[in-house]
Structures are given as structure tokens and as C-alpha cells.
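Colleague: Please read through the structure below; I'll follow up with questions.
Every number here is computed from the coordinates shown, using simple stated rules; none is lab data. Note that this is a predicted model, so its numbers are computed, not measured. Ideal geometry is used to build each Cβ from the backbone, glycine not excepted, and the neighbour counts take in all protein chains shown.
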Amino acid sequence: MWPRSFEQPDVRPDEERSLRPFICLSAGLLALWLTLTWSLDPQEVATGLVVSLVVASVARSAVHSVTGCPGSILRRVAWSLAYIPYLLRAIIAANIDVARRVVNPALPIRPGIVKVRTNLESPLGRLFLTSSITLTPGTLTVETSGRELYIHWIDVEADGIEEASERIVRGFERYLERIFG
Amino acid sequence: MIWLDALVCLLMIVVAVTATAVKNLVSAVIMVGVVSLLVSYLFLRMGAPDVAMTEAAIGAALTTVIFLIALRRTGEDR
Amino acid sequence: MVAWDVIGALVTLAGSVFLLLGAIGVARMPDLYNRMQAGTKATTLGNLLTLTGLGILMPSWLPKILLIAVFVLVTNPISSHALARAAHAAGIPLAKGSVKDALDHDREAR
Amino acid sequence: MADTILLIALVLAAGAVLLAVLRLLRGPTAADRAVALDVMTLVFVPGMVALAVFSGRKIYLDVALVYGVLSFLGVMSLARYFDRGI
């Protein structure tokens, strides 16, 4: 079901033994469960605990890429919190831009697929980058191959790789490279 | 909001009839999915959330996947 | 008390304006990729605003409604990226006025 | 006041559904129709939440959530099909 371009990261043997990702994942799943049921009944909590432990033990390898990052957790959480308003502002600005194009009778678009290059190393960071680019109207990630992204742009302003990367990628990258290292 | 229900019913009939007439079979599968979306909304409107949830599970996901697998296996899409 | 109702209704109205704009884009745009730009993105903001407005109308349900909004926000880019990628791989062309297609160019070079 | 604004919002959402159905019926390729299906889901999920808020039954929210999840699955399987995956 997952797009092929988001490969699983390599799992190093020393991380295989660590319990931290397992505990993080099961705590996250339990929090999701409690939000969904929205009650602190002992039966609900017990069921959630069992289910989240089972799911976490099955899907453990998926969280290695998060906990395997260098740097302190606190700093990354702070940058993630700063990233959310930035992303929302970008989405709203781009939405108004696209809405203006749509209602204009002349339909002023210059679509095309451009190639950009990212400096992000971690696969999870790239996943967030492609998702953020896709979430902003006007740009849509069509294909990824390694560090290169092919992006459908509703109004091609810049032709070269460097210039297009500057316009589309850099703003998100500034935050993401601090979150995912 | 009876006009909204009437509109949804009308759209449902139009989409369902088109689904039988369209040449491309994948398009027909997508239209069946849309019909199940509208039916699910109507069930919800009539006060049956459990039926709506079942319709969503079967109509949106299960039949789409099964139809697509069947199309791929029979090679009818070419 | 009444003021909150009006604020929630106004936010919902703003969201539905974006939903309508996205749908207009889907109906008007010339090719699949541009339709996706208007359709699945402008409607995401519409979705977010509508759900927030409804959450303001019913504050005790706000966490669950925001959970639905976050879920839409997470799954939407993944499904539209997958759809665009598959469509390009299946050879659906860009519209006539398109400026360039770097991906097609690179595929042929390989 | 608030009721009037919400009624206008409902009319706009119904217009969005109409336009999406137009694209569904016209769309030259199946992928265009898949986009229309995606848009309709994005309109109907807040619609179901609105129904939940107006009727005051919290269980309706679960239907909206389940619909969101399953429609994501449907669109992903369509994408896999176009990509010759399934």
C-alpha cells in the first residue's frame, strides 16, 4: 500500500536490542486509543494497553528512524512545534493563491514538472518534506528518486534546479533538517 | 434539509446509471464507490450509524479492492 | 455564548467557500495534475476550516473532531502523491500549455 | 444568525458535490474520476461531522472517521492499480 519511494531505513543491529522505540511506539498508540475512546474506564484502558503492546511489537522496526536520530528529543520537539504554524501559514497563503487562479476567468496557470534537490539525509525527513510539498497547493510531488524530487508546479517561476529548489524546498528544509537531523 | 437528501438521491441515480453505461471498467468501479459514499450518507441521515459504517467498509474499501483485483486477474482492462 | 456560535458558523462558512473553490478547480482545470492541485489541496484547507468551525460549535467534541482533521491532513498528501505518481507512470499526459516535463525528459534519457 | 450562515455553508458544500459529480461523469480518464472521488470524500467527511453536530449523536463522528480511513485505502488501491501493482 505504501508508495515505493519511501524505503524503509536500514536497521542497525545495536538498535535492534534497544527497548526505547518499542516503549515510545506503544505509548503513542495508547495515547491515540485514549483520545479515540475518550474515557478513563479501567476496562477501556486495559484493552488499549494490550492492543497497543501487541501492535507495537509487530510494527517495531518502523520507529527506528525516529529514535535513531542524533540530538536531544527536547530540541526536536521544540522545532516540530515551530514547524506546525509555519506549515499552516504556508498552506493558507498557497490556498488563497490557487483560489485566486481558479476563479479568474482567464485561468492564469503555467503548469509543468520541475526537478528539485533536497539536502535531507534521513528517509523520514524526506517523507515529511514530500508530504509538506504536496500539502501546499500549487506544488505536487510526482516522483522521488533519492535526493531528487520531481514536482508538478502550477505556475513555473524558476527553470533551473537550484532556483526551483530555493523557492519550493528550502523553507521546509530549514525546519526539517533540525527535526530529523 | 429535505432538498439535500433529494439532491443526493438524484445524484446517486445519475451516477449509478452512468456506471452501467461507461466503457472503461475502472471508471465503473470508481462510480460504484461514489454510489456507496452517497448511500452511506443517506443511511446516516436516516439515523443508522452502524449500517452507514458497514456500508463504508464494504462499499468504499472492500468492493473497490476486490473489483480491481478481479479486473487485473481477468485482464479485462486492456 | 451566542457570539461563539456565530464565530463557529463563520469559520464553517469560510471552509465551505474553500471546498467550493476546490470543486470549481476540479471542474475547470485542463489536465489531471492541475485538477489534483485544485481539488485535493484547496479542499484540504476547506476540510480543516469546516471541522474547526464545527468543533467551535460543539466544544466538548473538539478533540475528536480535531483528530479527524489531523487524520485527513496526514493521509491526503500520501494518497494524492501516490495517485499522481501512478498516473504519470501510466502515461497520462500534461495539458497543452505545460511549460516543461523534467520527469519525462529524465525517463527517456535513462 | 448562526443558522442562516450554516445554511449558506451547506448550500456551498452541495455546490461542491455537484461540481465533483460533473467531473466524475465527464472525466476523460479513470484517474480523473479517482480525483473526483477523492474530492467528494473530502466534502462528505465534514458533512457527516456536521450531521453529528446537528443531531447531537457522537457515534456519527466514528462513521466520518471510518469513512476517511477507508476512502484512503480505496484511493491507494486505485493508485496501485494504475501503477500495475495489484
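Colleague: Assign one of three labels to the protein assembly as shown, namely rounded, prolate or oblate, based on the Cα gyration tensor with a ≥ b ≥ c the square roots of its eigenvalues; rounded applies when a/c is under 1.5, prolate when it is not and a/b is larger than b/c, and oblate otherwise.
Modeller: Rounded is the answer for the protein assembly as shown, as its axis ratio a/c remains below 1.5.
Colleague: Averaged over its residues, how many other protein chain Cβ atoms are within 10 Å of peptide A:27-33's Cβ atoms?
Modeller: Averaged over the peptide's residues, the number is 0.
Colleague: Hey, for a label at B:ARG73 modelled as a point 7 Å past Cα toward Cβ, could you say which residues of the range D:49-86 have their backbone N under 14 Å away?
Modeller: So the set is D:86.
Colleague: On full extension of the chain, what length is gained from A:TRP38 through A:ARG167, given 0.36 nm per residue of separation minus the C-alpha to C-alpha distance?
Modeller: 42.2 nm
Colleague: Want the number for B:ASP50 to B:ALA16: 0.36 nm per residue separation, take away the alpha-carbon distance, what's left?
Modeller: 9.9 nm
Colleague: Can you give me the angle between helix D:2-26 and the longest principal axis of chain D, using Cα atoms only, in degrees from 0 to 90, rounded to the nearest 10?
Modeller: For D:2-26 against chain D, the angle is about 20 degrees.
Colleague: Another question about this same structure. In whole percent, what relative contact order does chain B give with Cα contacts below 8 Å and a gap of six or more residues?
Modeller: 28
Colleague: Then there's this: Out of the GluC sites (Glu not before Pro) in the range A:106-158, which ones are loop residues according to DSSP with at most 12 other C-beta atoms within 10 Å?
Modeller: A:GLU121, A:GLU157
Colleague: Which of C:VAL74, C:VAL11, C:VAL26 ends up with the largest GNM mean-square fluctuation for chain C, with Cα atoms connected below 10 Å?
Modeller: Largest GNM mean-square fluctuation: C:VAL74.
Colleague: Further question on the same structure: Starting from the 7 Å offset along Cα-to-Cβ, what nm value, one decimal, do you get for the label separation of D:LEU18 and A:ARG89?
Modeller: Once both label points are built, they end up 3.9 nm from each other.
Colleague: State the extension gain, in nm to one decimal, for the chain segment bounded by A:ALA31 and A:LEU19, taking 0.36 nm per residue of separation less the distance between their alpha-carbons.
Modeller: 2.5 nm
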